[in-house]
Structures are given as C-alpha cells and as structure tokens.
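Asks: Handing you a structure now.
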Amino acid sequence: MTRVSLLVGCAVALAAIAGCRSKAEKSSLEASVVGITTTHGAELFLDQAPPKGALETVDVDDDRAALVVIGDGEKARRPILHLHGTCAVARTDVESWSSAARAYGTVIALEGDTACPDGIGGRTWHADAAAIDTRIDAAIDAIRTVRGVPLDQDGIVIVADDIGASQALALAARAPAKYTRLVLNGLPDVAPAYDFSSVRAIAVLATDREPQDKSRRSFESFTQARVATKFWTLSGATHSDYGVSGARTIGEALAFVTQH
C-alpha cells in the first residue's frame with residue numbers, strides 16, 4: 001500500500017468514527033428530552049423556579065405584582081410582609097436585607113397604592129388598613145398558587161418603614177391575631193394608643209442621623225402596654241434606610257420578634 005493510500009484510508013476511518021460518535025451523542029440527547037411536550041425550546045426554562053433566595057415578582061390579580069423572596073425550609077411558611085416608606089421603592093429595601101430575613105420566613109413586599117410626583121419617584125400609601133389587608137391576602141393567595149409555598153394566613157410578621165410603619169400599627173390594631181409581630185423603622189409619629197394586647201413582639205429601629213424622639217416614645221408606650229419590645233439604632237443610615245449593617249440588624253430584629 002502506498003503512503004497516499006494509507007493516509008486516505010486513515011482519514012476515511014476517522015470520519016466514520018466521528019460519524020458514529022455524533023450519532024451516539026444525538027441519540028443520548030434525544031433520550032434525555034423524551035416526554036417533553038413543549039413546542040419551543042426556550043419554554044423549557046420559563047417555568048423553572050428561580051434560584052434559591054432570589055428576588056422575584058409574582059403577579060397578583062387586580063393589583064400590582066408583589067416582590068417575593070422565598071424563605072428557607074419550614075420557615076418559608078411564615079409571611080414576612082414589607083411595607084415601604086414615603087415615596088420609596090420596595091425593591092431597594094428588600095435587596096438590602098432579604099438575605100438575612102429569609103432565614104425567618106418568606107419576604108413579601110407590596111408597593112404603595114399611590115405614585116409620587118414626577119421628580120420624586122417611588123410610591124406611597126393612602127389606602128386605609130382594610131384595603132391594605134385585602135391586598136395582603138390576595139398576594140399570599142397568589143404566592144401559594146404560583147410558587148406552591150403553603151404560607152400561613154395568621155401570625156404575619158411586618159417589616160415597615162416610615163408611613164409603612166404607621167400602616168403596620170393600623171393593621172395590628174385592626175387584626176391583632178393576624179399581625180402579631182412588628183419591625184418598625186423610622187416611625188413618623190408617636191404610636192397611637194391602640195390596643196396591642198394581642199401583639200407578641202415589636203422591634204423598633206431608628207437611624208443615628210435623625211432625631212429618635214418619636215421612635216423612643218413609641219418604644220416606651222409599647223413597653224408600658226407590656227409588649228415584648230427592643231430598640232435598635234441603625235448606624236450611618238438615612239431616613240427609612242438601613243445603612244451598611246441593615247441586613248444584620250433586620251436579622252437580629254426578626255430573631256427577637258419570632259422568639260415571642
């Protein structure tokens with residue numbers, strides 16, 4: 001056999017091996033997708049759950065979508081509701097502390113019912129406690145359906161800022177057996193003389209860059225009402241902000257309220 005013939009023969013043999021290999025790989029791929037009924041390859045990924053701990057949105061009927069971070073393990077059953085402050089953005093808040101909060105439950109953030117003027121941005125709250133309570137129920141139902149998380153309807157923890165903290169107090173007064181634990185940051189006014197006898201615990205947060213008198217006086221009123229209460233100062237934070245230690249502080253506050 002000549003040298004040329006030998007080279008040609010080797011090339012043909014290598015091509016045959018490559019062809020067999022390609023067929024084998026193709027057969028393996030075909031076997032791996034048996035039973036998939038979707039007609040578009042991209043659709044294979046649309047219904048997969050987001051990565052663990054990811055911030056996602058869940059559509060809610062007749063309302064704005066809720067922001068959600070699914071909690072860890074059995075703790076995922078506990079709803080941790082977030083109500084943002086005046087002309088604020090819920091996503092910014094949740095992104096700053098959800099990594100710590102998800103150890104205590106599933107974070108659910110609603111957006112305010114009213115858009116703030118152009119040039120200010122964000123949203124705020126004008127609806128009463130009854131309307132917000134209805135929105136909360138709808139969000140919980142949507143997350144149960146879409147994400148399959150068996151959220152408890154009672155024993156909801158609220159993490160709230162500024163005007164959202166005022167709304168949290170109104171919710172606790174309206175449905176004390178439902179909203180039993182509160183984490184309140186930057187209370188804009190001294191807490192009203194509500195009946196908090198069914199509230200199990202309240203964490204009060206305030207920044208070190210603003211007067212703390214209203215938060216301190218609210219803390220004292222909660223203590224006098226014999227509610228388990230603890231005070232935290234957020235270092236370096238601005239109004240309705242959580243600062244660089246926000247995640248750690250929220251984690252500590254949630255640990256405190258959920259122990260009662």
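Asks: Can we say residue 191 is touching a Ser or Thr at 6+ places or on another chain (Cβ under 6 Å) and touching a residue at least 24 places away in the same chain (Cβ under 8 Å)?
Replies: Spelling it out, residue 191 is indeed touching a Ser or Thr at 6+ places or on another chain (Cβ under 6 Å) and touching a residue at least 24 places away in the same chain (Cβ under 8 Å).
Yes/no per residue for (1) modelled with pLDDT of 95 or more; (2) within 26 Å of residue 205 (Cβ to Cβ):
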{"residue": "106", "(1), (2)": "yes, yes"}
{"residue": "119", "(1), (2)": "no, no"}
{"residue": "134", "(1), (2)": "yes, no"}
{"residue": "138", "(1), (2)": "yes, no"}
{"residue": "146", "(1), (2)": "yes, no"}
{"residue": "149", "(1), (2)": "yes, no"}
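Asks: Still on this structure, I have one more. Please go through segment 138-169 and give me each residue that is acidic (Asp, Glu) and either over 16 Å from the mean Cα position of the chain (by Cα) or within 23 Å of residue 184 (Cα to Cα) (or both), ordered by number.
Replies: Correct list: 152, 154, 161, 162.
Asks: So which residues in segment 90-139 are in contact with a Leu (Cβ under 9 Å, 6 or more places away or on another chain), part of a loop (DSSP other than H, G, I, E, B) and either farther than 22 Å from residue 62 by Cβ or not charged (D, E, K, R) (or both)?
Replies: 103, 104, 105, 112, 125
Asks: Residue by residue through segment 186-221, note down the ones that are within 26 Å of the chain's Cα centre (by Cα), polar (S, T, N, Q) and modelled with pLDDT under 95.
Replies: 198, 207
Asks: If you go through segment 223-235 one residue at a time, do you hit one that is farther than 28 Å from residue 89 by Cβ, assigned to a helix (DSSP H, G or I), free of Cβ contacts under 8 Å to residues at least 60 places away in the same chain and open to solvent by less than 80 Å² (accessible area, probe 1.4 Å)?
Replies: Yes, segment 223-235 contains a residue that is farther than 28 Å from residue 89 by Cβ, assigned to a helix (DSSP H, G or I), free of Cβ contacts under 8 Å to residues at least 60 places away in the same chain and open to solvent by less than 80 Å² (accessible area, probe 1.4 Å).
Asks: For segment 222-246, how many residues meet the condition of being at pLDDT below 95 and within 15 Å of residue 168 (Cβ to Cβ)?
Replies: Going through segment 222-246 one residue at a time, the tally reaches 1.
Asks: So residue 247 ticks every box in (1) in contact (Cβ under 8 Å) with a residue 60 or more places away in the chain; (2) touching a strand residue (DSSP E or B) at 6+ places or on another chain (Cβ under 7 Å) but one. Which box is left unticked?
Replies: Unmet for residue 247, out of (1) in contact (Cβ under 8 Å) with a residue 60 or more places away in the chain; (2) touching a strand residue (DSSP E or B) at 6+ places or on another chain (Cβ under 7 Å): (2).
Asks: Now for a different question. Among the residues of segment 72-89, which ones are assigned to a loop (DSSP other than H, G, I, E, B) and open to solvent by 10 Å² or more (accessible area, probe 1.4 Å)?
Replies: 72, 78, 86, 87, 89
The values are calculated or read from the model by the stated rules, or taken from the named source; none is laboratory data. In this text the structure is predicted, and so the values were computed from the model without any measurement. Quick reminder, even Gly has a Cβ in these numbers, built from the backbone with ideal geometry, and neighbours come from all protein chains shown. What goes into the accessible areas is simple: the full protein's heavy atoms, side chains included, and nothing from ligands, DNA or RNA. Shrake-Rupley method; radii C 1.70, N 1.55, O 1.52, S 1.80 Å.
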